[in-house]
Number of protein chains: 4
Amino acid sequence: MCRWMAWLGQPVLIEELLFKSPHGIVDQSLHARMGAEPTNGDGFGLGWYGTGEGPGVYRSVSPAWGDPNLHELAAHVESPLFMTHVRAAIGSPVQETNCHPFRRGNWLFVHNGFIADFHLLRRDLMLAIAPDLFADVQGSTDTEVVFHLALTSGLEEDPIGALERTVGLIEETARRHGVTDAVQASFGVSDGESLWAVRYATNGDARSLFASSDADAIRHLYPDNPRFQRLTEDDRLIVSEPFSDLPGVWHEIPEATAAIVRRGGVLEKQPFQPTTDAGLTAGADAT
Amino acid sequence: MCRWMAWLGQPVLIEELLFKSPHGIVDQSLHARMGAEPTNGDGFGLGWYGTGEGPGVYRSVSPAWGDPNLHELAAHVESPLFMTHVRAAIGSPVQETNCHPFRRGNWLFVHNGFIADFHLLRRDLMLAIAPDLFADVQGSTDTEVVFHLALTSGLEEDPIGALERTVGLIEETARRHGVTDAVQASFGVSDGESLWAVRYATNGDARSLFASSDADAIRHLYPDNPRFQRLTEDDRLIVSEPFSDLPGVWHEIPEATAAIVRRGGVLEKQPFQPTTDAGLTAGADAT
Amino acid sequence: MCRWMAWLGQPVLIEELLFKSPHGIVDQSLHARMGAEPTNGDGFGLGWYGTGEGPGVYRSVSPAWGDPNLHELAAHVESPLFMTHVRAAIGSPVQETNCHPFRRGNWLFVHNGFIADFHLLRRDLMLAIAPDLFADVQGSTDTEVVFHLALTSGLEEDPIGALERTVGLIEETARRHGVTDAVQASFGVSDGESLWAVRYATNGDARSLFASSDADAIRHLYPDNPRFQRLTEDDRLIVSEPFSDLPGVWHEIPEATAAIVRRGGVLEKQPFQPTTDAGLTAGADAT
Amino acid sequence: MCRWMAWLGQPVLIEELLFKSPHGIVDQSLHARMGAEPTNGDGFGLGWYGTGEGPGVYRSVSPAWGDPNLHELAAHVESPLFMTHVRAAIGSPVQETNCHPFRRGNWLFVHNGFIADFHLLRRDLMLAIAPDLFADVQGSTDTEVVFHLALTSGLEEDPIGALERTVGLIEETARRHGVTDAVQASFGVSDGESLWAVRYATNGDARSLFASSDADAIRHLYPDNPRFQRLTEDDRLIVSEPFSDLPGVWHEIPEATAAIVRRGGVLEKQPFQPTTDAGLTAGADAT
């Protein structure tokens, strides 16, 4: 199981959320806090918007907790919008090109979950990627294929719709191969302006996903952090697992739901409904 | 440009050839000895047969010259048959899954050279890989695709024939895309018993390839090495570039030629003729 | 907390003990099996005797569970005597020169535990290292200093005596600096012929240490492993934590005790008594 | 031989100087441009001032040219003052704690050159480090010891004086051990406000060191770079080797000279005269 978090709000030093938050994502990656979770020591990624063109991406196969370069970067880069991901590999190699977030142009993509029996489905799914995008798949994860299917399906125009078409296609392809419970996911997407987060599983029992409820709640979460005492209603956190035990701070995103965070702290929700009636067709030559 | 070498003969400590030979492959990887060659500092691989099941493979993105683990392994592992490769990346990421040799079962594969405009051809070539092998492609190099095409085309039964069919397919696919001079290659293949080496370029001007001429020559090559003074006619080296300036020691393998080394020091040669009349068809849905 | 294990017996493929044993050391390094233990993801080391001159040492800052090169090496190297160590860093950097085992000539050294307030004591302790050994300290761990103090103190002639003098010196130095509970340790030492293992803590509550009780017990431990069914009385395992829950298989080494394993499965024990009456004097110029 | 460069001026994206300058430092690290120079593929470091507290430091053992994280960081971090260093290891391990720049508080330190027979002198020199700084030496390079000697000797109050005392001490220690030509160096130092650069060798034949002559020259150096066309007299580059062949752009810093660059583009020079008459005494117990 992987974990991820995303921030959209006022510019913050990345370390405030990465290393200085109690039960933050790096802390989670090291300690099995709630019992059953394994360690997330198979790679780390950070994508951030700010200075320079498009997002920067730092990916490492070192565990996040012990990577001095990540500590340095987090302590010296400020960003109004960033996403981080810690990985627990299930099958595919521990290599930087398998670390999230994945990027294309201004877009970043992270995923907690998996495609069931991906080994069986990989070829058909890769065939459904737009031919001019095919050669850009650099690693061997299911997530990178999902991202390129979503790009093929119009992610840049309609992120939620593209993911609904992508998940629909995967479920259909899985069905054809006799694979059940095809998709288990929380997805995170950004273009540098907004954040989209999806919670969905084919079998209806999806990985958790939470949004910070409001700025006032975050001020309570970090009472000793002067920066957070200056929080406004513009600031939002999305996390695959809550950082803290404070009740009332986290707002659970329901199953089969997409959440959209826009500047100004706006949080909207809509149903997430995979669809197979359009666009993408997987592995035409394999039918 | 990459470089590779292979040994088939009596068991030797790997370091004898890797680190203790004048102008050996690691030395070549660091110093631009003949002028125009760039540094080979983008990864290293060693595949060896000996103890355990099938070949062992050590791959690292550290430059070979500074990797302490490689020095240790080479100093403490003996092998009668091994292949090493140093990489100078051209385009694809510096990651372990892009380092040669590639392996399947008992088979190892290395390549010095490239497929022209691979980015354009990658999808069609991957479609020509046998569907049940497709998901085993872990990295993003042209070489790993060539290896899986050759496996699809019968490498395990007829190594040279399979490579002739593979190169034929690549050339035909390139032609369809308007890509000229498609293949530039010296290939090395082994199953743990024999070694196959191919020198071929579409445009007739292939990367160099040499075989050690005979045991007597090698004894002259290492006059101070007691181990090599015990060399017999059973021992052969194949190298993409000669280790030494001693005249008479190296035997150049001609253009468009396959060399086969068998136990007992047997060296046979045959023409290498790409063919398109059988088996493989690339990217049928893309025609 | 680190963990280590050592094998002395018939030659075995290293992977048999490293990756194929239930609750083996790599498995331990990933999962917090007994509750409070953190993850050991801050580096790994393997030292083995066999082919080549002296021991080979493989050290990596990747977590052991995800390092493909370690899997390859373990599957293709056989050894009659080896030691492995997984690290959970406490303060000093995650770098290869901080990974155990440490080596000098034929000697290997591993340590689970720590020197209290090492930052305060480091200078005085390094001053007590023999001047001609001083420059060989490459990393920044307490263990590497302990090893060089033991070498200074005669490790190669009398391993247990040298460690008693070393621990005595550390305790005395600590006392001078007002540091209590100076040493917490299980040490492992080998010269390629025998194994020495020490369990000791200044405060009398030392890290655990176990020896396999006898070959018959090991045969019960691995009922489905044909290799272990061939075990003889010559084979012994020393582990910082037991691999398995089978009662009767592991023999606990008492507090303040040194165990010596010799070829033929011989296991001897003797009290471990730190001494300050000889040889070493720390940081004379600092008194 | 290592190489380094430093920038003090208006904030620039680090990649402008690191990757986008013809014959820049990364390009130098890969290609042997002027003939005899070896490859600098044994690690890289970047220290930069800007956002966050004190300088950030990124260090990697990957060659600079192939490290994707370095490309990302350089493309997304802007800094008015930074130093970079590429390493060609001579003896000490390739590890991150051996990569320059070294840091303490606000201070950064880089070095091109070496201390002769450092193995012989290391102990005495480390004994001359202030006891409370001793435990902060994390790696095994001569440079880290030089830096801590300079800190001991007052670097933070008088950088040039402290380096004069440090070099004097090293030369004296070397003399005592019968080591000649003790110091070969160009040093770079910064506190985030100013830059100090020293060119000195005991034998009078020091590594090269250059300053950009003035903003007008830099504008000529990068005629197609709109950012540099906006250069003012405030901008200065210090480099161990010139980036370009344009005559008139680079100003050589003479032997045995210290250069000081202050905000506003001010460049001052003064003689660099090692001195032994004060403060530091090396290895008192070893005399």
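Points worth noting:
- Yes/no for D:S194 being surrounded by fewer than 17 Cβ atoms within 10 Å (Cβ to Cβ), under 18 Å from D:L108 (Cβ atoms) and small (G, A, S): yes
- B:E171 falls short on exactly one of the conditions (1) acidic (D, E); (2) outside any helix (DSSP H, G or I); (3) more than 17 Å from the chain's Cα centre (by Cα), and that condition is (2).
- Considering only residues in segment A:174-203 that are among the small types (G, A, S) and closer than 30 Å to A:Q10 by Cβ, the one that is nearest to the chain's Cα centre (by Cα) turns out to be A:G188.
- Complete set of residues in segment B:167-199 that are of a type in the set (G, A, S) and over 19 Å from B:L125 (Cβ atoms): B:S186, B:G188, B:S190, B:G192, B:S194, B:A197
- Single unsatisfied condition, D:Q270 versus (1) surrounded by 13 or more Cβ atoms within 10 Å (Cβ to Cβ); (2) at pLDDT 65 or above: (1)
- Residue list for segment B:208-220, restricted to those being touching a Ser or Thr at 6+ places or on another chain (Cβ under 8 Å), touching a residue at least 40 places away in the same chain (Cβ under 8 Å) and either surrounded by 21 or more Cβ atoms within 10 Å (Cβ to Cβ) or not in a loop (DSSP other than H, G, I, E, B) (or both): B:L209, B:F210, B:A215
- The residue pairs whose first member lies in segment A:264-275 and is in contact (Cβ under 8 Å) with a residue 40 or more places away in the chain, whose second member is open to solvent by 70 Å² or more (accessible area, probe 1.4 Å), and whose beta carbons are closer than 8 Å, counting only pairs six or more residues apart or on different chains, are A:G265/A:E233; A:G265/A:D234.
- Top-ranked residue in segment D:46-68 [being in a strand (DSSP E or B), crowded, with 24+ Cβ neighbours inside 10 Å and in contact with a Ser or Thr (Cβ under 7 Å, 6 or more places away or on another chain); ranked as modelled with the lowest pLDDT]: D:L46
- The numbered conditions (1) surrounded by fewer than 23 Cβ atoms within 10 Å (Cβ to Cβ); (2) under 24 Å from B:G50 (Cβ atoms); (3) of a type in the set (A, V, I, L, M, F, W, C); (4) modelled with pLDDT of 95 or more are all true for B:A201 except (2).
- In segment B:169-191, the residues that are buried (at least 21 other Cβ atoms within 10 Å of the Cβ) and aliphatic (A, V, I, L, M): B:L169, B:I170, B:A174, B:A182, B:V183, B:A185, B:V189
- In segment A:128-168, residue most open to solvent (accessible area, probe 1.4 Å) [restricted to those that are assigned to a helix (DSSP H, G or I) and over 24 Å from A:R199 (Cβ atoms)]: A:D132
Each row is one residue, and each column tells you yes or no for (1) in contact with a strand residue (DSSP E or B) (Cβ under 9 Å, 6 or more places away or on another chain); (2) within 14 Å of chain D (Cβ to nearest Cβ); (3) modelled with pLDDT of 95 or more.
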site: A:L70; (1), (2), (3): yes, yes, no
site: A:A75; (1), (2), (3): yes, yes, yes
site: A:H85; (1), (2), (3): yes, no, no
site: A:A88; (1), (2), (3): yes, no, no
site: A:H100; (1), (2), (3): yes, no, no
site: A:N106; (1), (2), (3): yes, yes, yes
site: A:V110; (1), (2), (3): yes, no, yes
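- Condition broken by B:T281, with the remaining ones in (1) open to solvent by 10 Å² or more (accessible area, probe 1.4 Å); (2) at pLDDT 75 or above; (3) polar (S, T, N, Q) satisfied: (2)
- Of the candidates C:P80, C:P63, the single residue that is in contact (Cβ under 8 Å) with a residue 40 or more places away in the chain, over 22 Å from C:A185 (Cα atoms) and more than 14 Å from the chain's Cα centre (by Cα) is C:P80.
- Subset tally (residues that are closer than 17 Å to B:I170 by Cβ and polar (S, T, N, Q)) for segment B:98-114: 1
- Residues (at pLDDT below 75 and of a type in the set (A, V, I, L, M)) located in segment A:208-230: A:A217, A:I218, A:L221
- Residue match in segment C:164-181 (condition: at pLDDT 90 or above, under 21 Å from C:W4 (Cα atoms) and among the acidic types (D, E)): yes
- Residue in segment A:98-108 that is in a helix (DSSP H, G or I) and open to solvent by less than 30 Å² (accessible area, probe 1.4 Å) present: yes
- The set of residues in segment D:118-127 being open to solvent by 30 Å² or more (accessible area, probe 1.4 Å) and of a type in the set (A, V, I, L, M) consists of D:L120 alone.
The values are calculated or read from the model by the stated rules, or taken from the named source; none is laboratory data. Fair warning: this is a prediction, and the values are worked out from it, not measured in the lab. Positions of Cβ are backbone-derived with ideal geometry, glycine not excepted, and every protein chain shown enters the neighbour counts. In case anyone asks, the SASA skips ligands and DNA or RNA and just uses the protein heavy atoms, side chains included. Shrake-Rupley method; radii C 1.70, N 1.55, O 1.52, S 1.80 Å.
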